[in-house]
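Student: The structure's right below; bear with me while I get my questions together.
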């Protein structure tokens, strides 16, 4: 009797009946999904207590390919939806998985306030520097001088430095890697999933169909070479200095790993004190990671 073929360890986390996916050749989103699936498999969390929430855009389609409780929300509203989900069912581990346009542009206000409140969410942002699904418009992360459909002569608006935005807003964990750094990105997602509070992982990814082509940066393989040669690993780097330009070196690593009281914890403490009861910090099975 022949031995069964070995199964990819991430396969149980994927809706294989929906393959092939819609992403373009050379796109980095699929690589980021592989990193996420391997992180979940490494932790061994109960999949019935893991929920994925995404917004609109290329990365927003991730929720449809993961074999989990998945929620594809309206544009920019993934974080408030996820906040409600976590508060309504604290036993869930809730992950927000979306792109830079969805999370930081129309969803930017939700991002900074969820980090400020230290909501118990893990946020994974695939940053490809433009609004990829809707035609390649300029985004809040588009580097200075980069060409987009809405900036045909080059972007003149200073972009957000997402690592600094997350840290200054209050995130307890902040890391940045690229789709070339698959092992490091997997480790960062693993660590972010294990944190209590608002954790943030930025994954820089190529968009060869729109961003790379318009800026004459080559295909996805050329971008992988650029990520390999230009990324400087510097853990605990000052996030003020972590801008990413159109070309040239940039910094990756784990920048923030700290502890802060979570919103739920502070709310429960206040209610117990008001009622004159002894406060016991709330912990769910999903938090025992």
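Student: Just to be sure I understand: of the beta bridges DSSP finds with both ends in the range 12-261, what percent are antiparallel, rounded to 5?
Tutor: 20 percent
Student: To continue, here is another question. Using the count of nearby Cβ atoms within 10 Å as a rough guide to exposure, how do 233, 239, 59, 141 rank from fewest to most?
Tutor: 233, 239, 141, 59
Student: Just want the ordering: 189, 45, 104, from fewest to most Cβ atoms lying within 10 Å of their own Cβ.
Tutor: The fewest-first ordering by Cβ neighbours comes to 45, 104, 189.
Student: Further question: Could you give me the percent of Cα pairs per 5 Å distance bin for the chain, shortest bin first, beginning at zero and ending with the bin that holds the maximum distance?
Tutor: Reading upward from the zero bin: 1, 6, 12, 17, 19, 17, 12, 7, 4, 2, 1, 1, 0, 0.
Student: Then there's this: Expressed as an acute angle from 0 to 90° and rounded to the nearest 10, what is the orientation of the C-alpha long axis of helix 108-117 relative to the principal long axis of the chain?
Tutor: 30 degrees
Student: Right, something else. Quick one: angle between helix 263-275 and the longest Cα principal axis of the chain, in degrees between 0 and 90, rounded to 10, please.
Tutor: Here the helix axis deviates by roughly 20 degrees.
Student: Of 99, 44, 60, which is the most mobile in a GNM of the chain whose springs link Cα atoms less than 10 angstrom apart?
Tutor: 44
Student: Continuing with the same structure: How do 255, 129, 200, 160 line up, fewest other C-beta atoms within 10 Å first?
Tutor: Ascending Cβ contact count within 10 Å gives the list 160, 255, 129, 200.
Student: Something else now. What does the extension gain come out to for residue 116 and residue 274, with contour length at 0.36 nm per residue minus their alpha carbon separation?
Tutor: Taking residue 116 through residue 274 to full extension adds about 54.5 nm, to one decimal.
Student: Quick check: the distance between the Cα centres of the range 228-278 and the range 148-196, to the nearest angstrom?
Tutor: Value for the Cα centre distance between the two parts: 11 Å.
Student: Give me the angle, in degrees from 0 to 90, between the Cα long axis of helix 29-43 and the longest principal axis of the Cα atoms of the chain, rounded to the nearest 10.
Tutor: Roughly 30 degrees between the two axes.
Student: Springs between alpha-carbon pairs under 10 angstrom, Gaussian network model over the chain: which of 257, 102, 268 fluctuates most?
Tutor: Of 257, 102, 268, the Gaussian network model singles out 268 as fluctuating most.
Student: Only Cα pairs within less than 10 Å get springs; with that Gaussian network setup on the chain, which residue of 20, 158, 12 has the largest fluctuation?
Tutor: Result for the chain, Cα springs under 10 Å: 20 fluctuates most.
Here, each number is a calculation from the coordinates, and none is a lab measurement. As the structure is a computational prediction, the values presented were derived from the model and not from experiment. Positions of Cβ are backbone-derived with ideal geometry, glycine not excepted, and every protein chain shown enters the neighbour counts.
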